[in-house]
Amino acid sequence: MTRPLATKTVVEAVTDDLRGRILSGSLTSETAVTELEIATSYSVARPTAKAAIEKLVGENLLVRGTHKSARVAELGPESVRDIYLARAYLESEILRRLAATHTVPEEAVRANADILALAGAGDLALVEPDMRFHTALVDAVGNERIARMYRSLVSEVRLCMTRVQALHLLDSAAIHAEHELILVQLAAGDAEGAAATLDGHLAAARERLAEALGT
């Protein structure tokens, strides 16, 4: 039996490309994101450009005031702390549930191996496997609504992670070691240990990034 392949709409394609430019740091808050510019650069209709911008505003990657062009969201210290606090609440409970059944997601193991393999490849290269590690933990619970809740944070989390790595605040060895400890604690059924390691792991990124952005 053949399986149908998912196809992207033009709006989705434009949105995905714009999102990639934002998360890679090639599109910054210094550049206004207008419907005319998007329509021209992607050779699409203005309504398509508008829909793509609105999607990214909904993801909090773009911000737009009344009668103003959209721009990439600026992350201040309090925004960073708020995003990471939401992550910590959700992911800590995820780890407690995984530890109760000694569950170690294979995708998380692979993602952490990829982080180690990327040592020296550049800080921004670490963002994708790092987010894949954390998303794999969330997905392992098997709850669709929890997964949707987490993904509602993912774009902002990735923007934070991009800024963390762009500022050279963390390194692959430290990330890998902390992830590895979490996996060991899950296998051992150490729920509180895994949650505590995660809290420290996220707090380090949170405070270093908040401090850097504050200055």
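What follows is calculated from the coordinates using simple rules that are stated; it is not laboratory data. Everything quoted here is computed from the prediction, not taken from an experiment. Glycine also receives a Cβ, built like all others from the backbone with ideal geometry; neighbour counts cover every protein chain displayed.
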* **Estimated distance in nm for a label pair at GLU30 and GLU128, the labels positioned 7 Å out from Cα along Cα-to-Cβ** => 2.6 nm
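If a/c stays under 1.5 just call it rounded; otherwise compare a/b with b/c (prolate if a/b is bigger, oblate if not). Do that for the chain, with a ≥ b ≥ c from the square roots of the Cα gyration tensor eigenvalues.
It comes out prolate by the Cα gyration axes.
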* Given the convex hull of the Cα atoms of the stretch 13-95, what is a quarter of its surface area in nm²? -> 6.7 nm²
* Order of THR101, THR135 under a 10 Å beta carbon neighbour criterion, fewest first -> THR101, THR135
* **TYR42 versus GLU107: modelled label distance in nm, points set 7 Å from Cα along the beta carbon direction** => 2.5 nm
